[in-house]
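Below you'll find the structure, written out as structure tokens, and then a few comments.
The values are calculated or read from the model by the stated rules, or taken from the named source; none is laboratory data. The model shown is predicted, which means the values in this text are computed figures rather than measured ones. Neighbour counts run over all protein chains shown; Cβ positions are idealised from the backbone, glycine included. What goes into the accessible areas is simple: the full protein's heavy atoms, side chains included, and nothing from ligands, DNA or RNA. Shrake-Rupley method; radii C 1.70, N 1.55, O 1.52, S 1.80 Å.
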Amino acid sequence: TMSDPTPVTALLESWRARCESQLADRLKDRDPATARLHEGMRYSALGGGKRLRPILVYCTGTALGAPPERLDDAAVAVEMLHVYSLVHDDLPAMDDDDLRRGRPTCHKAFDEGTAVLVGDALQALAFEVLAGDSSSPLPAASRLQQIQVLSRAIGTDGMAGGQAIDLAAVGKVLDPRSLEDMHRRKTGALLRASVLLGAIGGGVTDGPRYEALWRYGTDLGLAFQIQDDVLDVLGETATLGKIAGADAARGKPTYPSILGLAESQRLARLHCDRAIESLASLG
């Protein structure tokens with residue numbers, strides 16, 4: 001409940017721990033010839049993180065009555081894709097970051113070539129996990145829909161497109177609408193997909209409930225990214241686990257740089273409230 005957040009915190013922690021265990025199990029090294037690549041994959045995927053996206057898969061699916069076993073593959077897949085995006089975003093050709101989750105980024109801990117392959121391999125493994133096998137508890141049709149949802153979320157209309165807009169926008173002033181479009185693709189699309197993966201795992205594949213969860217994921221994704229922009233200004237490197245102030249140093253367009261800090265904080269709250277309102281029809 002809102003008055004006592006402890007049970008909620010404990011629930012979120014239980015989902016985070018479940019994802020951690022599932023990830024570790026799927027990333028066991030099986031081939032000595034690619035030991036360094038596997039080491040890089042484990043370093044990047046098991047090096048901490050909030051696990052927000054898999055938590056959204058578990059929370060959505062279980063709220064709709066699905067047992068966790070029907071959600072594990074989607075939770076692991078979405079986190080692998082998130083980690084892949086971080087490894088590639090950190091590369092010198094992209095954001096050129098030295099710190100991620102409080103540790104050296106993958107290309108710093110290993111090398112640039114390995115980091116590229118780590119991202120490639122995690123993306124491939126994510127879809128292999130999602131495709132499942134004969135023992136998978138989720139029907140093939142549901143898995144196919146999940147693959148479609150996830151592939152769209154990381155393509156040109158999603159994460160990759162958002163990153164392309166971001167790269168082209170460095171040093172320029174974007175209008176608020178273009179900034180929102182960039183963030184909806186780059187960050188929001190995968191967060192919304194996490195919610196929808198949980199919905200599909202819970203047997204909700206279309207109709208009013210699916211649409212309500214679509215709206216929830218959309219507003220949640222935007223609130224999250226605006227708050228991330230705000231924390232880049234207000235946060236400290238030790239707390240964030242990545243270099244504070246990096247956006248401003250690179251001349252990247254952000255909500256605070258375009259709309260100011262106070263308006264950015266107001267917008268984050270607005271989209272958070274809208275996300276919650278979207279769930280009203282679900283009881």
Q) How are the Cα pair distances of the chain distributed, in percent, across 10 Å bins from 0? A) 7, 28, 37, 23, 5, 0
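Measure off, as a whole percent, the carbon and sulfur share of the 1.4 Å-probe accessible area of the chain, all protein chains present.
Summing carbon and sulfur atoms, their accessible area is 57 percent of the total for the chain.
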Q | For L99, distant residues with modelled amide H under 5 Å away | A | T105, I243
Q | In order through region 10-16: 3J(HN,Hα) via Karplus (6.51 cos²θ - 1.76 cosθ + 1.60), integer Hz, x for Gly, Pro | A | 5, 5, 4, 5, 5, 5, 4
(Q) Keeping every protein chain present and rolling a 1.4 Å probe, give me the accessible area per residue for region 120-178 in Å². (A) 54 Å²
Q. Around T205, with a cut-off of 12 angstrom between Cβ atoms, what is the net charge of the other residues, counting Lys and Arg +1 and Asp and Glu -1?
A. 0
Q: State in Å² the accessible area per residue of region 5-56; use a 1.4 Å probe, count heavy atoms of protein chains only, and round to the nearest integer.
A: 54 Å²
Q) Along the principal axes of its C-alpha atoms, what lengths does region 1-119 span, in descending order and rounded to whole Å? A) 47, 31, 18
Q: Return the lysines within reach of K108: Cα separation strictly under 26 angstrom, same-chain partners fewer than 8 residues apart disregarded; answer none if there are no such residues.
A: K28, K50, K186, K242, K252
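Below 11 angstrom from the Cβ of I154, what's the summed charge of the other residues (Lys, Arg +1; Asp, Glu -1)?
With Lys, Arg at +1 and Asp, Glu at -1, the neighbours total +2.
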Q: Taking the Cβ of A75 as the centre, find all other residues whose Cβ is under 14 Å away and add up their charges (Lys, Arg: +1; Asp, Glu: -1).
A: +2
Q: Using R₀ = 45 Å, calculate the FRET efficiency as 1/(1 + (r/R₀)^6) where r is the Cβ-Cβ separation of E69 and R177; round to 0.05.
A: 0.60
Q.
In whole Hz and in residue order, list the ³J(HN,Hα) couplings for region 203-208 that follow from phi through the Karplus curve 6.51 cos²θ - 1.76 cosθ + 1.60, θ = phi - 60°; x for Gly and Pro.
A. x, 9, 10, 6, x, x
